[in-house]
Amino acid sequence: MGNEARQMTAREFTTVGTVTRRKDGLAKVTGTETYASDMELPYMLHARVLRSPYPHARVVSIDTSEAERMGAICITPDDVPDIRYNERQVSVPVKTYRDRTVLPWVVRQVGEGVAAVAARTEALAERAMRAIKVEWEELPAVFDVHKAMAEDAPQIYENVLLGDAELPVEHNIACFRQVSVGDVAVGFDEADLIVEREYQTGRVYHAQMEPKAAMCRPLADGGIELWATLQSIHNTLQLLGRIFALPLSKIRVHRSSIGGAFGSSIQMNTPVAICVALALKARKPVKIVLTREEDMYDHCKYPAEIRLKYGVKHDGTIVAGELKTLVDIGAHNIQAYPLLGCMSGWFVSLYRMPHMNFEGTAVYTNKTPACAMQGYGNPDVSFAVESHMDIIAEKLEMDPIELRIKNYVGLGEEFWGQGPTVRSIIRSCGVEEMLRKGATMIGWDQRGRPEDKTGRYRRGIGVGRTFHTSGTGAAMPGEVIDYSTAMVKVNEDGSVDMSTALMCHGGGTLDACAKLVAEEMGVPFDLVGVSPASTTDTGYDVCTHATRGVYCGGGSAVEAAKSAKAVLLDFASRLIEVNPEALQIAPDPETGEGVIFLEGAADKRITVREVAKAAQLKGWGTAIAVESHRMVNCPPCFVTNFVEVEVDTCTGEVRVPRAVCAVDAGTVVNPDLAAGQLEGGLCRGIGQALLEDTEYDPRTGELTCGGMYIDYKLYTAEDMASVDDVKVFFADTYEPSGPFGAKGIGEAANNAVAAAVMNALENALGIRFQFIPITPDMILAAIHGWACEGVLPA
Amino acid sequence: MTVNTRVLINDFQYLVPASLDEALRSLDRYREDAEVLAGGTDLIIQMKLGRRSPKILIDISKLEELKRLEAGEKILIGAGRRYMDVLPYLRGLGRYHGLAEAIDSIGKLQVLSVATVGGNLGNGSPAADTPPPLITYGARVRVMSAHMERVIPLHEFHTGPGVIVLAPNEIIVDVEFDAFPDGRASAFQKLTRVASDISKVTCAVTVERDGETCTQCRIALGAVGPTPLRARAAEAVLEGQTVDAHAVDECARLVVESISPIDDIRCSEMYRREAAGVLFKDAFETAWERATC
Amino acid sequence: MLTSCTNAIILTVNGDEHMLVVEPNELLINVLRNELGLTGSKYGCGTGQCGACTVLIDGEPALACVTLAVACDGKAIVTIEGIAGADGGLHPIQDEFLNENAVQCGFCTPGMILMAGDLLKRNPHPTEDEIRHHIKGNICRCTGYNGIVRAIQHAAARMTEPPEVDEPELVKEAR
């Protein structure tokens, strides 16, 4: 194929590292894969939510009589439990900010739902919803973080809950975090050069292909069954149990296929609880599917305003760094507190700083609530830091790559996987390999200087490097819950079932876990089945987020496989009279099944199938194990992107004709799926750098694009570089703490791209931008010297 | 929010007339209450957004009378002929690059397979792609009602954003322009945010060339004013003149002066002004080169 | 509730004839998904922008989310569920999508496969530019498109090999 990814050797592994067809692929290419939005039950009702046209208002009254006359089941804030919760259940309760209710009496964004209906068809539900009369009392609204913190700003919340305690909210500040190491005053004093700049990232929308959906069936015993777009079935289970006062054993949340996530369903999205409430009232199944415009009002990425200051010595050594960030979180605090912690962690873990200060402030505004999107603050921090590194390199007349190599946090050093409370020592690192090899592949030494470039079309090459955490494991309990439960069982025909509540968002997480189990069990990959999952048949898995699927989820699957294997080998030892410690299992390529054997003894062989069957017939039992496992590390998966841009200096248009993307994911379990992650992350990262943002009309609080794809644009196939011009490779590393040496990749694929694009633009034009997305308008303005926000002075 | 893009809840009657006559009589009867449905890619979206709510939908997509495609002294494009057919036809004729490029730029094949020039014109959008090249071709629009037929020069067809001179009981039947003589060629340029998108700025240029002299010049732009605009003052700079860099620059300057763009979600007024001049030069250069062949 | 506006239409979908009673305002995408249970065509945006609802109508690609079901009376519709290889197994395009990692979350996949099939019918030897041009109306948020382009390139190569068997039909035969 020519793609280096395909040549990835599988070291001493049989299955891990091989290229296989994804197990859910057949269903997906034949259109039979069932997503939550495809689910259907007999006598199902369709729901619609009545949403606020105002950015800030009190509901004075709701009259549903007309809707009810039309035959619809209706709910208002009176019909739902009045419990405040946080829809994301990943943080421990004492660190969880709660400002959400199922249906509120005060709305704080355009599009916030206050009532809902269920009817026989979607069209009927829409009509019934429009027939509801709401009396609103408009309240003053604010859409800008600086205005929101001002003395005279409208107060969006009086108080919220932090844990179970009431917390007054002042100046609309949702939360604040400050972390420091050493003393930056001392550090900056020691510096020979100080560089300080402001940066700003856009309020991007996840734009996952599938808008949110939920379908709930009320059960005869008062319980419920749920299918929904979720990244965590267990967190949803617990939240629903708490909200609706149901025992968890009466709630069954199924894992549904998800049409893309990118972080948008870490939290239990707003339609879920509304759907459950309607189903409980209607005593019939209810399904709700958000329109695209509702989905765009439901969540967006955390944007960041960043003020970054580095102090360096003449030789390029960083002595101090300070990052202050202001995050506009919109109408709800979904996960701003852990975000700020993570951002401090990303900052600390990029480049060594003996002295460091981080301050993060999250501020409410009357806009769509922000939530995690791939990278969770990392693309923003890396955008600022990697731009800064190029500025510093230029001022010191150092090669930008050498500067990075001099300062990066690497092997043996401390990595903050989720802020200050989750730390690991780095035990595998491919940073230098990726920088050097990538530089050669892109032609770094021929990139030229901007001042020498002429002509209408100008090219430039830029680099960006960063990492993401592989999950949030740690040796001690912390602010963030992280463990996975997996079950592995050997069937009587020698096939194996793997059951876990992990999700696959598309990147192949479940395939990777199945590969890890196959490797551990010694059976062919084809014989490992990924079981459907629901909360009643799986143990707790926190969530498939934080790039933890392979490292943490796979880690627990391997533990379960080890335990099931021990049971199986014990059975085998009874049959062939060999000490189980001496037995091995490996797939027999000729027969296509797993074989248990004693090395060197040709007569001591028996198939997994024979053992499992014998154990059943003899009543010994099933070779089955369940393990709940917490990883005690969170190793960074490093990533490097080299990007070449071409700018049309007459129209300001930018395209990316070439790129090199490299990741250090330790052992790469699924090479082609991992390559696909890098390619996808490249596309989304370029979108963040050059294209995507949501803006609000300050008069109405509405999205200027109305929530529709007519004006929220996404790159098409015709916008992207040719297949031969995007090169992907993996660093040759092995993570000792990871399952068969594996780390994560998911979010890393995205995190450094915007920085690389920014740096490439600087190399092409000699102009440095501060804000992303960098639109053609901004580029022309910068070239012609028109007044323009977001262009840095020379 | 009163938008729901998953379902259409507008109530309407759907009529399928068997002939153009029948369609015109229905339209005459229902007038403002009715809209014609061709490809539907614009109309259905407008209905979902609540911007148009016809009580009667008259499906004209099957009417053969609207599907003529003819070439001779004049080129005739039926208002109901799918772009997917029009595009290869134009390419086959070999000369009408500007219009072909405009149609091709509309983007996705799923739209080209149902969308029509009649629908594009009938929408009246100042950002529509086919009016600028057609205006430079001196195109004429034939419209009919149950009572009469009239021909309207395309450059008089649009009177405001989304406003056209079509009466409620009229249908666009076809668009016609004179075949190009030798030495005449056209080009079209468009700027968008991504590859398949509504235009930010478009420019169409048709020139007639005799050696280094431009004997005729037509320039039209889209998305830079309340209607597609013809840059007459700019045309005058080049017509009858020797073409050199100075003349083209001067012409570009006048193009920029002739437009009245606005800020909108796609780009800013300043960007449109700057880009209009650039697109004009690109389109002119291409058309000028083509005019020698 | 049936009204005097209600229409009875005949749709041939993936080779099967269906008589359906629909309101004039029902969209093709919803009729396919809700009445016929063919959930392979997806609602992604509702405004004709993302291509996830792509189907073939009388052999030509169209967007079901902006098409009225009544306007399809008498027409033949093909959805992803109607795509298969000559032997009823995978069509080469489907097969190569799996080989070339063109599928991640899978939501855009049905539309992509239909457009790929349409391309290779019109142009059996497309260049990469032609491939990208043909699928520009189909958004993919996951893959960055490279896997999809490679899959289509490989399918094209396979489908234009000197055939040992008959060229695969894109649509299953009517029962």
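Condition test on B:Ala233, is it part of a helix (DSSP H, G or I), touching a residue at least 24 places away in the same chain (Cβ under 8 Å), away from chain A (no Cβ under 14 Å) and out of contact with any Gly (no Cβ under 8 Å at 6 or more places or on another chain)?
Yes.
From the list B:Ala287, B:Ala291, B:Ala223, B:Ala231, pick out the single residue that is closer than 29 Å to A:Glu789 by Cα and under 23 Å from the mean Cα position of the chain (by Cα).
The conditions single out B:Ala223.
Tally the residues that are among the aliphatic types (A, V, I, L, M), closer than 18 Å to A:Asp541 by Cα and touching a helix residue (DSSP H, G or I) at 6+ places or on another chain (Cβ under 7 Å), restricting the search to segment A:468-493.
Matching residues across segment A:468-493 total 4.
Got at least one residue in segment B:93-105 being crowded, with 17+ Cβ neighbours inside 10 Å, farther than 21 Å from B:Ile171 by Cβ and of a type in the set (Phe, Trp, Tyr)?
yes
Hey, can you tell me all the residues within segment A:449-474 that are out of contact with any Leu (no Cβ under 8 Å at 6 or more places or on another chain) and either in a helix (DSSP H, G or I) or exposed (fewer than 15 other Cβ atoms within 10 Å of the Cβ) (or both)?
A:Arg449, A:Glu451, A:Asp452, A:Thr454, A:Gly455, A:Arg456, A:Tyr457
In this structure, does A:Arg84 turn out to be crowded, with 22+ Cβ neighbours inside 10 Å, more than 14 Å from chain B (Cβ to nearest Cβ) and under 32 Å from the mean Cα position of the chain (by Cα)?
Judged against the criteria, A:Arg84 is not a match.
Quick test of your reading of the structure: B:Ala223 fulfils all but one of (1) touching a residue at least 24 places away in the same chain (Cβ under 8 Å); (2) touching a helix residue (DSSP H, G or I) at 6+ places or on another chain (Cβ under 6 Å); (3) of a type in the set (A, V, I, L, M). Name the failing condition by number.
Condition not satisfied by B:Ala223: (2).
Considering each of C:Asp95, C:Asp87, C:Asp73 in turn, give the residue that is of a type in the set (D, E, K, R), within 11 Å of chain A (Cβ to nearest Cβ) and at negative phi.
C:Asp95
Based on this model, can you work out whether A:Ala5 counts as under 28 Å from the mean Cα position of the chain (by Cα), at pLDDT below 95, of a type in the set (Gly, Ala, Ser) and assigned to a loop (DSSP other than H, G, I, E, B)?
Considered against the rule, which asks whether it is under 28 Å from the mean Cα position of the chain (by Cα), at pLDDT below 95, of a type in the set (Gly, Ala, Ser) and assigned to a loop (DSSP other than H, G, I, E, B), A:Ala5 comes out as no.
Please go through segment B:250-277 and give me each residue that is within 14 Å of B:Ala234 (Cβ to Cβ) and among the β-branched types (Val, Ile, Thr), ordered by number.
Hits for segment B:250-277 are B:Val255, B:Val256, B:Ile259.
State all residues of segment A:783-794 that are of a type outside the set (D, E, K, R), free of Cβ contacts under 8 Å to residues at least 60 places away in the same chain and within 13 Å of chain B (Cβ to nearest Cβ); if no residue qualifies, say none.
Selection gives A:His784, A:Gly785, A:Trp786, A:Ala787, A:Cys788.
Which of the residues that make up segment B:162-180 are outside any strand (DSSP E or B) and β-branched (Val, Ile, Thr)?
Answer for segment B:162-180, where residues must be outside any strand (DSSP E or B) and β-branched (Val, Ile, Thr): just B:Val165.
Would you check if C:Thr67 is buried (at least 24 other Cβ atoms within 10 Å of the Cβ) and more than 13 Å from chain A (Cβ to nearest Cβ)?
It is true that C:Thr67 is buried (at least 24 other Cβ atoms within 10 Å of the Cβ) and more than 13 Å from chain A (Cβ to nearest Cβ).
Filter segment A:51-81 down to the residues that are under 17 Å from A:Lys281 (Cα atoms) and of a type in the set (S, T, N, Q) and list them by number.
Listed by number, the residues that qualify are A:Thr64, A:Ser65, A:Thr76.
If C:Arg132 satisfies every condition in (1) within 13 Å of chain B (Cβ to nearest Cβ); (2) surrounded by fewer than 22 Cβ atoms within 10 Å (Cβ to Cβ) but one, which is the exception?
(2) is the only condition that C:Arg132 fails.
Going through A:Leu714, A:Leu780, A:Leu765 one at a time, which residue ends up being touching a Ser or Thr at 6+ places or on another chain (Cβ under 9 Å) and either within 14 Å of chain B (Cβ to nearest Cβ) or among the acidic types (Asp, Glu) (or both)?
A:Leu780
Do we have A:Gly506 as within 29 Å of A:Ala27 (Cα to Cα), under 18 Å from the mean Cα position of the chain (by Cα) and either within 14 Å of chain C (Cβ to nearest Cβ) or buried (at least 24 other Cβ atoms within 10 Å of the Cβ) (or both) here?
yes
Please state which one of C:Thr79, C:Thr67, C:Thr54, C:Thr127 is farther than 30 Å from A:Met503 by Cβ, among the β-branched types (Val, Ile, Thr) and out of contact with any Cys (no Cβ under 9 Å at 6 or more places or on another chain).
C:Thr127
Which members of segment C:18-67 meet the condition of being outside any helix (DSSP H, G or I), free of Cβ contacts under 8 Å to residues at least 12 places away in the same chain and over 25 Å from A:Leu714 (Cβ atoms)?
C:Met19, C:Gly37, listed by residue number.
Restricting to segment A:481-510, count the residues that are of a type outside the set (A, V, I, L, M), more than 30 Å from A:Lys95 (Cα to Cα) and at pLDDT 95 or above.
Looking only at that region, the number is 8.
Counting residues that are within 14 Å of chain C (Cβ to nearest Cβ) and more than 25 Å from the chain's Cα centre (by Cα), which strands (runs of 3 or more DSSP E) fully inside segment B:1-79 reach at least 3?
Passing ranges, in order: B:13-15.
Please determine, by comparing only the residues of segment A:92-127 that are among the hydrophobic types (A, V, I, L, M, F, W, C) and assigned to a helix (DSSP H, G or I), which one is surrounded by the most Cβ atoms within 10 Å (Cβ to Cβ).
Across segment A:92-127, the extreme among qualifying residues is A:Ala125.
Between residues in segment C:125-137 that are closer than 18 Å to B:Met84 by Cβ and free of Cβ contacts under 8 Å to residues at least 12 places away in the same chain and residues that are small (Gly, Ala, Ser) and surrounded by 15 or more Cβ atoms within 10 Å (Cβ to Cβ), which pairs lie under 7 Å by C-beta distance while being six or more apart or on different chains?
C:Lys136/A:Ala717; C:Lys136/B:Gly107; C:Lys136/B:Ala195; C:Lys136/B:Ser196
In the list C:Leu28, C:Leu20, C:Leu56, C:Leu11, which residue meets the criterion of being within 14 Å of chain A (Cβ to nearest Cβ) and of a type outside the set (Gly, Ala, Ser)?
That would be C:Leu56, the only listed residue that is within 14 Å of chain A (Cβ to nearest Cβ) and of a type outside the set (Gly, Ala, Ser).
Please work out which residue is nearest to the chain's Cα centre (by Cα), limiting yourself to segment A:326-382 and to residues that are among the β-branched types (Val, Ile, Thr) and within 22 Å of A:Arg88 (Cα to Cα).
By that ranking, first place goes to A:Ile334.
If A:Ala675 meets every condition in (1) surrounded by 24 or more Cβ atoms within 10 Å (Cβ to Cβ); (2) within 30 Å of A:Gly330 (Cα to Cα); (3) within 9 Å of chain C (Cβ to nearest Cβ) apart from one, which number is that one?
Here A:Ala675 meets the rest and fails (2).
Tally time: how many residues in segment B:191-208 are surrounded by fewer than 24 Cβ atoms within 10 Å (Cβ to Cβ) and not in a loop (DSSP other than H, G, I, E, B)?
1
Restrict the check to segment A:633-650 and report whether at least one residue is polar (S, T, N, Q), modelled with pLDDT under 95 and surrounded by 24 or more Cβ atoms within 10 Å (Cβ to Cβ).
yes
The values are calculated or read from the model by the stated rules, or taken from the named source; none is laboratory data. In this text, all values refer to a predicted model and were calculated from it rather than measured experimentally. Here Cβ is always computed from backbone atoms with ideal geometry, including for glycine, and neighbour counts include all displayed protein chains.
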